[in-house]
1. Can you tell me the equivalent ellipsoid semi-axes for region 68-121? Use √(5λ) from the Cα gyration tensor, largest first, whole Å.
2. Counting pairs on different chains as well as pairs 8 or more places apart, how many Lys pairs in region 206-339 have Cα atoms under 30 Å apart?
3. If we count every other residue with Cβ under 14 angstrom of residue 183's Cβ, Lys/Arg +1 and Asp/Glu -1, where does the sum land?
4. Roughly how compact is region 208-339, stated as its Cα Rg over 2.2 N^0.38 Å to two decimals?
5. Would you be so kind as to identify which of 88, 75, 54 lies farthest towards the positive end of the dipole of region 34-123, taking Lys and Arg as +1 and Asp and Glu as -1 on Cβ and the Cα centre as origin?
6. Please list, in order along region 293-308, the HN-Hα scalar couplings obtained from phi with the Karplus expression 6.51 cos²θ - 1.76 cosθ + 1.60 (θ = phi - 60°), rounded to whole Hz, x for Gly and Pro.
7. Kindly provide the trypsin sites (Lys or Arg not before Pro) of region 186-235 that DSSP labels as loop, not H, G, I, E or B, and whose Cβ sees at most 11 other Cβ atoms within 10 Å.
8. With a 10 Å radius around each residue's Cβ, average the other Cβ atoms per peptide and rank 323-335, 75-87, highest first.
Amino acid sequence: MAKMVTKKLSTHENLTLCGLEVDETMWHLHGNILTEYGLASNNHDRNIGNLLPLPKIHWKGQIHTTVSAEAIKFAMRRFWQEQKLSLNRTVNDENPDDIYHYKDANFNPNLYVDDDVMGYLKIEKAQKISQSNRDRETTSDDIDLQSDDSPAKEEYLPKPKGKGIPRKGALDMSRAISTTPYDRDVLHSAYGGKKDIASLHSAQFHSTHYQYCFSITPDSLKVRERIFNVLEGINSLRRVGGSNSGCLYDFSPNSLILRWTHDSCSRHLYSIDAKHDDPTCPKLLKRMQNGRIDPTEVWIAGDLAEGFEMEGVHLFENPAAAIADLKQKMCADLGIEQK
């Protein structure tokens, strides 16, 4: 059997080996986050009678619970609102009919952080078609189906069509997936006061960590400094997917992996293994050892950094300290004056 030979390569050498041209002015930030361990009842699925179910997926052959990327971004917007950043959409818990309050229906990614980082979809209403256009050629897609008592086909005008004008957000985020399979825990309770069949309810719970990933390219932002708002938001997430405060679950990082690189691919998505304590990342370690990821591009913090051994990796006990250190590197590479 031939001996497998590995050689550590820089990101530039790796991409060149694949026949790709490397733009050394283009930077990308890839992250892998592990939340704290806790009793989770987040981001409920649609009710089944009086049962509040957790959304679930098949993952590595077993059933795991999951939290949507939209729920994580919603919590990040709450944090930005508390920090009094310039937001187009603010959260209004006092009015369920206007929980998202829009300042500008036309959107403005230059002015608003959320329009820039998370994107938007502007809907333009259909314009009423004038009578003068009724004689143009129509297709079956343009006319309504006739009923027995409807006018003749030629009396129909083409249906006006609206359109959506999307702007993709710079922040790509994955679903959060539980690090342990769902064990079918259900807790039963009842509302106060007089009891009847409507007051009884049940909710599914899961004792676990969650793991999710993100990627963002600062050059995709109208204001590149907003990449730091993303990092600050991730470090301070709470109340993810829990609108009624029925379950306090800490979504801040127990551990994090950040990679600041010219490589547009993360190459370490869902690379953390954790059941209860002592998280590890054998997948990431292997890829640094065989040269697929340059260790000098990697920042590791939290419980994962304890006892981690790999030359060149930036290790920190505190995720906030890792973010502060990486921010200095990012400012230097992007030519941003650090505040």
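Here, each number is a calculation from the coordinates, and none is a lab measurement. Bear in mind the structure is a predicted one, so any value in this text is a computation, not a measurement. When we count neighbours, we look across all protein chains shown, and the Cβ atoms used for this are built from the backbone with ideal geometry, even at glycine.
1. Equivalent ellipsoid of region 68-121: 16, 14, 11 Å, largest first.
2. Lysine pairs satisfying the spacing and distance rule in region 206-339 number 11.
3. Overall, the nearby charge balance is +2.
4. Output field value: 1.09.
5. With unit charges placed on the Cβ atoms, the residue in question is 54.
6. Running phi through 6.51 cos²θ - 1.76 cosθ + 1.60 with θ = phi - 60° gives 10, 6, x, 6, 8, 10, 10, 10, 9, x, 4, 5, 6, 5, x, 6 Hz.
7. 194, 195
8. 75-87, 323-335
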